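Data block below; observations after.
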Amino acid sequence: MAPCASPSALALSSSTRVSLPQTLALRQRPEARVPRAPSALLRPSTARSWLGPLPPKLAAAYPRAGARGTGRGPPPFRPRALMTTSQIASAAFTWGTVAVLPFYTLMVVAPNASITKRTVESSAPYVALGLLYAYLLYLSWTPDTLRAMFASKYWLPELPGIVRMFASEMTVASAWIHLLAVDLFAARQVYHDGLKNKIETRHSVSLCLLFCPVGILCHVATKVLAGAVGRSH
């Protein structure tokens, strides 16, 4: 016959059966840890996709993900251009026009004055306009410039290509400086021819400023009429 267990032993064994699973469950339960965000979420380059664009200072301090280089951001200060392309074209257009006006004014207002003759003989305006034109041509030049100028199979300019080329403000400004230089030179030739043959040239010189071919035509007509009147007398 099996011996009977005492009440105290039964209580001890029952408490052991209860506490043992609880102890194992406590050991197997993971520690309560604060969830850590993935490192990719902490990178400014990844945060752009779900936080939107970063402020300019932070975007400059942290390069984009996958960018090659040493990993350093751009320098905090970058030199900026003093003038934009549009501002350069506008300034060249304005100052080029203003620069030639005194020469036309002298040839029209005081054609026989000594100061006019000395001023018109100077080559300074042509040198200045030539340098300005070369600079604007350099800024407006692109790999497609020659292709636009000589678009036909016979290497001749075509109107659609010229129209596309003159869509740029810099190209228009360079063409304007080109016209100013050529028109002033033609006006000087008309002025000198008028002094030599004692012909009125004020109207022809004035037309050369904006309508140079018309001014030259007007001077030729004036010269023919003056010669006919001289022969009649």
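The values are calculated or read from the model by the stated rules, or taken from the named source; none is laboratory data. Bear in mind the structure is a predicted one, so any value in this text is a computation, not a measurement. For neighbour counting, all protein chains shown are included, and Cβ atoms are generated from backbone atoms with ideal geometry for every residue, glycine included. Accessible surface areas use protein heavy atoms only, side chains included; no ligands, DNA or RNA. Shrake-Rupley method; radii C 1.70, N 1.55, O 1.52, S 1.80 Å.
Quick look at the values:
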quantity: Spin-label pair Ala110/Ser206, simplified geometry with 7 Å Cα→Cβ offset, distance in nm; calculated: 1.9
quantity: Whole-angstrom gap from region 194-233 to region 115-155, using each part's C-alpha centre; calculated: 28
quantity: Inter-site label distance for Trp95 and Asn197 at 7 Å from Cα along Cβ, in nm; calculated: 3.9
quantity: Fully extended contour minus Cα-Cα distance, from Val172 to Lys153, at 0.36 nm per residue; calculated: 4.3 nm
quantity: Among Val108, Tyr135, Gly96 the positive-end extreme of the charge dipole of region 85-189 (Cβ point charges); calculated: Val108
quantity: Volume per residue that the Cα convex hull of region 92-155 spans, once the total is divided by residue count, Å³; calculated: 124
quantity: Stretch gain in nm, segment Met83-Val220, where the contour uses 0.36 nm per residue and the Cα spacing is subtracted; calculated: 44.9 nm
quantity: Distance between modelled label sites at Ser123 and Trp141, nm, 7 Å Cα→Cβ extension; calculated: 2.3
quantity: Per residue value of the accessible surface for region 82-171 (all protein chains in place, 1.4 Å probe), Å²; calculated: 68
